[in-house]
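Beneath this line is the structure, given in structure tokens, with notes to follow.
The values are calculated or read from the model by the stated rules, or taken from the named source; none is laboratory data. Given the structure is predicted, the values throughout are model-derived calculations rather than measurements. Here the Cβ positions follow ideal geometry from the backbone for every residue, glycine too, while neighbour counts run over all protein chains shown. In case anyone asks, the SASA skips ligands and DNA or RNA and just uses the protein heavy atoms, side chains included. Shrake-Rupley method; radii C 1.70, N 1.55, O 1.52, S 1.80 Å.
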Amino acid sequence: VDVEAVEPEQTDKVGGTVHVGYDHMFQTDVKNVGGGDVSRDAFQAQLGGRFGIDQQLGFSPRFIYELNHYDFSDSINFWENIHQYTLVGIFDWKLDDHWTLLGGPVFRFAGEGSAAFDNGFTGGGLLGANYKASEDLSLGLAIGVISQLQDDPGIIPIPMVNWHFAEPFTLKVGIDNLGGPTGLGPELIWHLSKELD
């Protein structure tokens, strides 16, 4: 189950963000379907931002478009291009100088070409808490519950670490924004400037 970014924004931060990414999955065998190989190219574009509602409450909407292009060998051919659209709305509520609660809904549609909406719609939600130990370190945990096509809902624990351990680097553990499909894992960020990572 892939999940979307849930890390809390700085509560004094307001403005927009843009993420773009690309990744390639090298050719691999497809098992139990008569043999064959598949490779994948994925592109993702994400628009978002944070809007302060008041001193304690903020809202961070995100819209994510993802294109997955699959290249199957001649012996099999399931699909070619899968388009995925995701809408996420994360609320953050600052309890005090250290603790922040966050959560919100996730809506997603994925399908090949003109797939019927009800055959490709999934949804769920995210809920978590974050502890800001210092200006350079915050720790948290969130739980995501996301429905899956033709399967039971997935329950995903999402650890969150944001550690600015040295200038100009930050280590994040949780949701990465690299490449096409987002997922859980560590991410090392190099801050080239205030505007560009």
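Filter the stretch 136-149 for residues that are open to solvent by 50 Å² or more (accessible area, probe 1.4 Å) and in a strand (DSSP E or B); which is modelled with the lowest pLDDT? Before the answer, list the steps.
Taking the stretch 136-149 and keeping what is open to solvent by 50 Å² or more (accessible area, probe 1.4 Å), we get 136-137, 139, 141, 143, 145, 148-149.
Remaining after also requiring in a strand (DSSP E or B): 137, 139, 141, 143, 145, 148.
Details: Leu137: 95, Leu139: 95, Leu141: 94, Ile143: 93, Val145: 91, Gln148: 78.
Here the residue is Gln148.
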Completion exercise
Exception for Tyr65 within (1) modelled with pLDDT of 80 or more; (2) hydroxyl-bearing (Ser, Thr, Tyr); (3) outside any strand (DSSP E or B) falls at (3)
Handout entry: Breaking point among (1) outside any strand (DSSP E or B); (2) of a type in the set (A, V, I, L, M, F, W, C); (3) touching a strand residue (DSSP E or B) at 6+ places or on another chain (Cβ under 6 Å), for Trp93
Key = (1)
Completion exercise
Here the residues within the stretch 20-44 that are at pLDDT 85 or above and among the basic types (Lys, Arg) are Arg40
Problem - Residues of the stretch 49-58 classified as open to solvent by 60 Å² or more (accessible area, probe 1.4 Å) and not charged (D, E, K, R), total - result: 4
Handout entry: Of all residues in the stretch 36-76 being within 23 Å of Gly103 (Cα to Cα) and small (Gly, Ala, Ser), the one that is farthest from the chain's Cα centre (by Cα)
Key = Gly52
Problem - Number of positions in the stretch 150-197 that are assigned to a strand (DSSP E or B), over 12 Å from the mean Cα position of the chain (by Cα) and at pLDDT below 85 - result: 1
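Quick one: would you say Leu137 is under 24 Å from Ile189 (Cα atoms), hydrophobic (A, V, I, L, M, F, W, C), touching a residue at least 12 places away in the same chain (Cβ under 8 Å) and out of contact with any His (no Cβ under 9 Å at 6 or more places or on another chain)? I'd like the intermediate steps shown before the answer.
Values: under 24 Å from Ile189 (Cα atoms): yes; hydrophobic (A, V, I, L, M, F, W, C): yes; touching a residue at least 12 places away in the same chain (Cβ under 8 Å): yes; out of contact with any His (no Cβ under 9 Å at 6 or more places or on another chain): no.
Considered against the rule, which asks whether it is under 24 Å from Ile189 (Cα atoms), hydrophobic (A, V, I, L, M, F, W, C), touching a residue at least 12 places away in the same chain (Cβ under 8 Å) and out of contact with any His (no Cβ under 9 Å at 6 or more places or on another chain), Leu137 comes out as no.
Table: residues versus (1) under 30 Å from Lys172 (Cβ atoms); (2) open to solvent by 50 Å² or more (accessible area, probe 1.4 Å); (3) modelled with pLDDT under 90.
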position	(1), (2), (3)
Ser73	no, no, yes
Phe78	no, yes, yes
Trp93	yes, yes, no
Trp99	yes, yes, no
Leu102	yes, no, no
Gly125	yes, no, no
Asn130	yes, no, no
Ser134	yes, yes, no
